[in-house]
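For reference, the structure discussed in these notes is given below.
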Amino acid sequence: MTSADDFNLSCPAPAMDRDTVQLAHGGGGRAMKQLIDSIIRPAFADPELDHCHDGAVLEIEGTVAFTTDSYVVRPLFFPGGDIGTLAVNGTVNDLAMCGARPLYLSVGFILEEGLPIGTLRQVVNSMRKSAIAAGVRLVTGDTKVVDRGKADGIFVNTAGIGRIIAPTPIRPGSVRSGDVVILSGDIGRHGIAVMAAREGFGFETVIESDCAPVAAPVLALIEAGIAVRCLRDLTRGGLASAVVEIAETAGLAITLDEASIPVREDVVAACELLGFDPLHVPNEGRFAAFVAPEDAGRALAILRGHCVSESAAIIGHVSAGPLGQVACRGALGVLRAVDMLSGEQLPRIC
Amino acid sequence: MCLAVPGRILSVCGDDPMTRLGRVDFGGIIKEINLAFAPEACIGDYVLVHAGFAIAVIDVAEADRILTHLQDLTEPLDDGGGTA
Amino acid sequence: MKFRDEYRDGATARRIADAIGRTVTRPWTLMEVCGGQTHAIMRFGIDELLPPGLTLVHGPGCPVCVTPVEYIDKAIEIAARPEVILCSFADMLRVPGTDGDLFAAKSRGADVRIIYSPLDAIAIAQAEQTRQVVFFAVGFETTAPANAMAAYRARCDGVKNFSMLVSHVLVPPAMCALLEAPGNRVQGFLAAGHVCTVMGIRQYEPIAERFAVPIVVTGFEPVDILQGVLMCVQQLEEGRAVVENQYSRSVRPDGNLPAQEIMREVFQVTPRRWRGIGDIAESGLGLAEAYGDFDAERRFGVVIAREEKVTECISGPVLRGECKPTDCPAFGVRCTPERPLGVTMVSSEGACAAYYRYRGTQRLGRV
């Protein structure tokens, strides 16, 4: 039998806390409509959203690229970006890696009960700015709210549609022996920025994430008639994972030259302090391009004409074998194997 | 063992030798480091840092001497470094 | 980066490698003691620049690898207590205990936090007064002064909700144990430069004399390691066996005196079991009696005596330098970083992990 202390009343009508997200905001009722109407729709300002329909109806000509990604970064805000900028640019970049002009994005929010409304507003505004910069429209979406403790503040999913403009398929299977590997810029900034913000390393110097859309230089390559065989953005697992995956899928060998791989001085220092290898650190505004050798010089010049890829460099080449092997020539001229790590790099003191 | 990284002291604060701190520049990253084990370290010195502590002041002259020697390895190293 | 880039210069490295080639007239087997040196050798391919017949075997200088399995188990048991925040260097998080690792414990809800300096653990204890903060203090002599400082500060500042689980190991007794082992084939040592930065070089003089082996205190960059090898083979070719200091820009003969002083204040020498090697007398550090209140084993009363499961893992012989990772039939096949059978594959400084990461499971073309 329960004691008097165990007995309590709970009223099903929610008392609305105007400052934080409540479970009611995901309930499909008035509270949710108010959240969408007051924060989300005005920020994304798209005629499709104003139809208030279950989906967006769009006209697209030609072959379509379609991609999706979910964003769970912690902390939500970090130097150089936030979960909103990642959610837009990440999906825009995946479309670009397919050789497509990014056009439309959907957004799915999973919000944690208790998330400050101001935080949601900031994230939505970041997404708006990033979408404008990338030239894409946010045309449909969904919002759910989960109990406190079931999400890290916000989880975001974006799916994207783009129109393929590459004349031939851009994918690992198109890579050939003799192709040149071009890196679009210096590596390591994003991973260090996020980890420093999350773990509190006590670095006085702030390294900012390189999070940025890369569709413009990619489309410039394609429109200039460069024979682009494959593109890959260098997110989780960094340059190493991307190159290894392509080598394994293509059944070819890739050799990189460490001295050619640009890494900024402060990123080098951070990696030394933490015991990290920059090859494995995630990036959010960088990609590797595999191009025909006769186009390498022109491709480099085109990339260097765009701000986001102004320090592009040729970093390696593809050869016939051993199958799926990636090697890197180091400072002493000796080759070492490059492989994916089994998990995230952790700082070491030993 | 253990990962130790060289950096240059930009500034020092604190009077208590056990809690004296230095702002150390590791070539682009600046971090505060405990100088309890490097009481002789001054601004401008290079220190070797492990787990947030400076464990040695780097002997710049000795480093230069060895590097110069390494440029011509036909000459034997004369440093009295051998001990029995 | 100054004091790093100069020591990665390819031309200088090759000049030293050529000098080694001119010096060596017969086969020699050297051991680099420290896991960080093994890592550098693999990463930069230093062994591929050496003449045939000159063999580098990898020593037990990976404090993560040699931490006894019962200490991992104790850390996991302590971390599982709801009132505990377990602070550890990240190196220890993926080391397998008898049943899982600290990462797995974290995913089951244990409050396990990565720290970069032992003083971070003190700061956490001061910020979280209602919790018990336990610092998993491992390492060789390089890390011992920093770990000692944490206990020293806790005592000075009256941080009562702080304790340490200590499993420190000392290098010289391990070297002696290796040299005493029947079948030892190590003829010269590259001693651990950062250990010697703290402790100096004097402890190695009796070892060089007793076992008639040259010991060269060596740094961690390619030029350091190659110069250390050159100095060692020069001694061997000339029939000398003394202690020399290659890492003289950081190592003073008497070492770092303030660091040694705090180690003497906070720690005492203890027997220690080395994973893969066994019990070595007077080869560890534990908290001195005056700091006994900060001993987590006492505070939490953890008593674990478990025998490690016998598997096909040969990390013991690898740590003792008796064989290379590639001699293991499971290497790269049943034992990988994703599914490690033993510590030398999971630790970032372990020899097996270094081989796997930088040599893969296939041969690479020579330069």
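Taken together, the values in this text are just the output of simple stated rules run on the coordinates, not laboratory data. Worth saying up front: this structure is predicted, and the values here are computed from it rather than measured. Note: ideal-geometry Cβ built from the backbone for every residue, glycine included; neighbour counts use all protein chains shown.
Antiparallel versus total DSSP beta bridges in chain A: what percent is that, nearest 5?
Around 75 percent of the beta bridges assigned by DSSP in chain A are antiparallel ones.
Please compute the contact order of the range C:30-188 in relative form: average sequence separation of alpha-carbon pairs under 8 Å and at least six residues apart, divided by the residue count, as a percent.
Computed over the range C:30-188, the figure is 21 percent.
Which three semi-axes in whole Å describe the equivalent ellipsoid of the range C:82-238, each the square root of 5 times a Cα gyration tensor eigenvalue, listed largest first?
Calculated on Cα positions only, the semi-axes equal 38, 18, 14 Å.
Taking a ≥ b ≥ c as the square roots of the Cα gyration tensor eigenvalues, with a/c under 1.5 meaning rounded and otherwise prolate when a/b beats b/c, else oblate, which class fits the protein assembly as shown?
Oblate.
Diagonalise the Cα gyration tensor of the range A:221-350 and give the resulting equivalent ellipsoid semi-axes, square root of 5 times each eigenvalue, largest first, whole Å.
That gives 25, 19, 13 Å for the three semi-axes.
Only Cα pairs under 8 Å and at least 6 apart count here; give the relative contact order of the range C:112-270 as a rounded whole percent.
Rounded, it is 22 percent for the range C:112-270.
Rank these for me by crowding, B:D15, C:D293, C:D73, A:D147, going from fewest to most other beta carbons within 10 Å.
With the sparsest Cβ surroundings first, the list reads B:D15, A:D147, C:D293, C:D73.
Taking a ≥ b ≥ c as the square roots of the Cα gyration tensor eigenvalues, with a/c under 1.5 meaning rounded and otherwise prolate when a/b beats b/c, else oblate, which class fits the range C:217-354?
oblate
Is the shape of the range A:52-165 rounded, prolate or oblate, going by the alpha carbon gyration tensor and its root eigenvalues a ≥ b ≥ c, with a/c under 1.5 for rounded and a/b larger than b/c for prolate?
Verdict is prolate for the range A:52-165.
So what's the back-of-envelope 222 nm ellipticity for chain B, counting only DSSP H runs of four-plus at -39500 (n - 2.57) apiece and dividing by all residues, rounded to 500?
Rounded to the nearest 500, the figure is -4500 deg cm²/dmol.
Mind pulling the angle between the C-alpha long axis of helix A:117-134 and the longest principal axis of chain A? Nearest 10 degrees, somewhere in 0 to 90.
Value to nearest ten degrees: 40.
Could you please report the charge total around C:P60, scoring K, R as +1 and D, E as -1 over all other residues with beta-carbon less than 13 angstrom from its beta-carbon?
Residues near C:P60 contribute +1 overall.
Order B:50-58, A:301-309 from most to least packed using the mean count of other Cβ atoms within 10 Å.
So the order, starting with the most tightly packed, is B:50-58, A:301-309.
Could you tell me, in Å, what Rg and Dmax come out for the Cα atoms of the range A:125-274?
Rg then Dmax for the range A:125-274, in Å: 18.6, 54.
Where q = 0.06, 0.09 Å⁻¹, what log10 of I(q)/I(0) comes from the Debye formula for chain A, counting one point per Cα?
Rounded to two decimals, the profile gives -0.26, -0.55.
Could you work out the relative contact order of the range C:201-340, using alpha carbon pairs under 8 angstrom and six or more residues apart, expressed as a whole percent?
Computed over the range C:201-340, the figure is 16 percent.
When Rg is the radius of gyration of the Cα atoms in chain B and Rh is its Kirkwood radius, what does Rg/Rh come to?
Taking Rh as the inverse mean 1/r over Cα pairs, Rg/Rh reads 1.09.
For chain C, list the cysteines whose Cβ sits under 4.7 Å from no other cysteine Cβ?
So far as the 4.7 Å Cβ criterion goes, C:C34, C:C87, C:C156, C:C176, C:C196, C:C232, C:C313, C:C323, C:C328, C:C335, C:C352 stand without a partner in chain C.
Work out the length of the dipole vector of chain A about its Cα centre, built from +1 on the beta-carbon of each Lys and Arg and -1 on the beta-carbon of each Asp and Glu, and round it to the nearest 20 debye.
Using Cβ point charges on Lys, Arg, Asp and Glu, chain A gives about 480 debye.
Out of the DSSP beta bridges found with both residues in chain C, what percent are antiparallel (nearest 5)?
The answer is about 25 percent antiparallel.
Which net charge results when you count Lys and Arg as +1 and Asp and Glu as -1 among the other residues whose beta-carbon is under 12 Å from that of C:G228?
-4
Over the whole of C:191-198, what's the average partner chain Cβ count within 10 Å per residue? Rounded to a whole number, please.
Other-chain Cβ atoms within 10 Å of each residue's Cβ, averaged: 4.
Residue-wise, which Karplus ³J(HN,Hα) couplings in Hz belong to the range A:171-181, taking 6.51 cos²θ - 1.76 cosθ + 1.60, θ = phi - 60°, and x for glycine or proline?
Here the 3J(HN,Hα) series is 6, x, x, 8, 5, 10, 4, x, 4, 9, 9 Hz.
I need C:F135, C:F162, A:F201 ordered by Cβ neighbour count within 10 Å, fewest first.
A:F201, C:F162, C:F135
For the range A:234-300 and the range A:316-344, compute the distance between their C-alpha centroids and round to whole Å.
11
Let's see if you can work this out: charge +1 on each Lys and Arg Cβ, -1 on each Asp and Glu Cβ, no other charges. What is the dipole magnitude of the protein assembly as shown about its Cα centre, in debye to the nearest 20?
Charge dipole, the protein assembly as shown, about its Cα centre: 1180 debye, nearest 20.
So if I take the centroid of the Cα atoms in the range C:42-74 and the same for the range C:185-215, what is the distance between those two points in Å?
Using only Cα atoms, the two centres lie 16 Å from each other.
Tell me, C:T143, C:T130 in order of fewest to most beta-carbon neighbours within 10 Å?
Going from least to most buried by this count: C:T130, C:T143.
Grab the protein assembly as shown and count how many Lys pairs have their alpha-carbon atoms under 27 Å apart, sequence gap of 8 or more, or different chains.
So the count works out to 12.
Enter the mean number of other protein chain beta carbons within 10 Å of the beta carbon of each residue in C:12-22, as an integer.
Taking the mean over all residues of the peptide, I get 2.
With point charges of +1 on the Cβ of Lys and Arg and -1 on the Cβ of Asp and Glu, referenced to the Cα centre of the range C:73-214, which listed residue (C:G109, C:P96, C:A137) lies farthest in the positive direction of the dipole?
Result: C:G109, furthest along the dipole toward the positive end.
Bin by bin, in steps of 10 Å, what percent of the Cα pairs in chain C do you find, going until the bin that has the longest distance?
Here the calculated profile for chain C is 5, 24, 32, 25, 11, 3, 0.
Please compute, for peptide A:267-278, the average count of beta-carbon atoms on other protein chains lying within 10 Å of each residue's beta-carbon.
Per-residue shielding by partner chains comes out at 5.
Set Lys and Arg Cβ to +1 and Asp and Glu Cβ to -1, take the dipole of chain A about its Cα centre, and tell me which of A:S177, A:L49, A:F287 lies farthest positive.
The residue sitting farthest along the positive end of the dipole is A:S177.
If the elastic network links every pair of Cα atoms under 10 Å, which of C:C65, C:C87, C:C328 fluctuates the most in the Gaussian network model of chain C?
Highest fluctuation of the listed residues: C:C328.
Quickly work out the C:R298-to-C:T25 label distance, labels modelled 7 Å from Cα along the C-beta direction, and quote it in nm with one decimal.
5.9
Can you work out the FRET efficiency for the pair C:D279 and C:R185, with r the C-beta to C-beta distance and R0 = 25 Å, to the nearest 0.05?
The pair C:D279/C:R185 has a calculated efficiency of 0.65.
Pick out, from A:V326, A:Q122, A:A100, the residue whose Cα sits farthest towards the positive end of the charge dipole of chain A, with +1 on the Cβ of Lys and Arg and -1 on the Cβ of Asp and Glu.
After comparing all options, I get A:A100.
Please get the size of the charge dipole for the range C:11-90, origin at its Cα centre, with Cβ charges of +1 on Lys and Arg and -1 on Asp and Glu, quoted in debye to the nearest 20.
Magnitude of the dipole: close to 460 debye.
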